[in-house]
1. Within segment 12-35, how many residues turn out to be touching a Phe, Trp or Tyr at 6+ places or on another chain (Cβ under 8 Å), loosely packed, with under 15 Cβ neighbours inside 10 Å and not hydrophobic (A, V, I, L, M, F, W, C)?
2. What pairs come out if I take residues in segment 15-40 that are within 15 Å of I55 (Cβ to Cβ) and pair them with residues that are modelled with pLDDT of 90 or more and aromatic (F, W, Y) whose C-beta lies under 8 Å away, six or more apart or interchain?
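The values are calculated or read from the model by the stated rules, or taken from the named source; none is laboratory data. Computed from a predicted structure; not experimentally measured. Backbone-built Cβ (ideal geometry, glycine too); neighbour counts: all protein chains shown.
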Amino acid sequence: MAHVGTMVRSALVSNIEKSIAFYTGILGLTGVYAEGDLSHPAGAKLLGMPASSKIKYKILKYAAGSNRGMVGLFEVSNPAPPTFTKRKDGVNVGEVCLVFYCDDVEAIHQKLIKGGHTVVCPPTHLQVTATKGQPEMVFMDPDGILVNLIQRDPDDPK
């Protein structure tokens, strides 16, 4: 079996600057792993887009953290990929949900409310085993990408 290393979740976004503001302002992903214009023809090919496509990207991570759990933001234009219709109040089959741990789910919930963002489920206690549970919440980024936040259990060494 192959070993999977650093995880980067990629998100195709309609406006990279708006998405950067969301992920840095709400989730605190202020570190930058990589950024720029993806000009190599393989970039467009990997996304199933014409070679003439312009692709801007920025891969964000926690500033003080490791390179695990990063999110790659990609804005494709000339032409832009089509959007699809999806439920706005829950999940859709085939949809991806970004998952992050955080120290204070409620504080982030308040930032989301103040910013007028879509919250699918406010902080809710999820009991995963007889002895382990934690607050979690699910919300959407500016493009409707689902994000699940799990409040890290301070007694869990993981």
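1. Here is the first cut: in segment 12-35, the ones touching a Phe, Trp or Tyr at 6+ places or on another chain (Cβ under 8 Å) are 12-13, 16, 27-31, 34-35.
Add one more test, that the residue is loosely packed, with under 15 Cβ neighbours inside 10 Å, and what stays is 30, 34-35.
Filter once more, keeping what is not hydrophobic (A, V, I, L, M, F, W, C): 30, 35.
Counting residues in segment 12-35 that are touching a Phe, Trp or Tyr at 6+ places or on another chain (Cβ under 8 Å), loosely packed, with under 15 Cβ neighbours inside 10 Å and not hydrophobic (A, V, I, L, M, F, W, C) gives 2.
2. From segment 15-40, the pairs are I16/Y57; I16/F74; A34/Y57; E35/Y57; G36/Y57; D37/Y57; L38/Y57; L38/F74.
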